[in-house]
Amino acid sequence: MFKHNVGTIDRVIRAAIGIAALVAFLMLPDATWRWWLLIGLVPLGTALLGTCPIYTVFGLSTCPMKRT
């Protein structure tokens, strides 16, 4: 459906950031900053899907090039 434009290292970093933000969301008692940590769903989602809409807009890709 979407062209993959997120490479392996980029996916691992995104997943780690997303998981860390979601863990902080669950652990933080103060409701003021807590909802901002739901932004962790974005890098986690792009890591799982392997595509980033912002990369698509700017024509970027961290995937290795295929050699023919």
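Looking at 46, 51, can you tell me which residue is hydroxyl-bearing (Ser, Thr, Tyr), buried (at least 16 other Cβ atoms within 10 Å of the Cβ) and in contact with a helix residue (DSSP H, G or I) (Cβ under 8 Å, 6 or more places away or on another chain)? Step through it out loud before you land on a result.
Working: 51 fails: in contact with a helix residue (DSSP H, G or I) (Cβ under 8 Å, 6 or more places away or on another chain).
Every option except 46 fails the conditions.
Can we say residue 51 is among the β-branched types (Val, Ile, Thr), modelled with pLDDT of 90 or more and part of a loop (DSSP other than H, G, I, E, B)?
Judged against the criteria, residue 51 is a match.
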Pairs with Cβ under 8 Å, 6+ apart, first in the range 1-19 and farther than 13 Å from residue 43 by Cα, second among the β-branched types (Val, Ile, Thr) and in a helix (DSSP H, G or I): 2/56; 3/56; 5/56
Test: residue in the range 13-26 that is of a type in the set (A, V, I, L, M), more than 13 Å from the chain's Cα centre (by Cα), surrounded by fewer than 11 Cβ atoms within 10 Å (Cβ to Cβ) and in a helix (DSSP H, G or I): yes
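So which of 62, 32 is at pLDDT 90 or above, of a type in the set (Val, Ile, Thr) and either assigned to a helix (DSSP H, G or I) or surrounded by 13 or more Cβ atoms within 10 Å (Cβ to Cβ) (or both)? Can you show your working first?
On the way: 32 fails: at pLDDT 90 or above.
That would be 62, the only listed residue that is at pLDDT 90 or above, of a type in the set (Val, Ile, Thr) and either assigned to a helix (DSSP H, G or I) or surrounded by 13 or more Cβ atoms within 10 Å (Cβ to Cβ) (or both).
The values are calculated or read from the model by the stated rules, or taken from the named source; none is laboratory data. Note that the structure is a prediction, hence the values are computed from the model and not measured. Glycine gets a Cβ as well: all are built from the backbone with ideal geometry, and neighbour counts include every protein chain shown.
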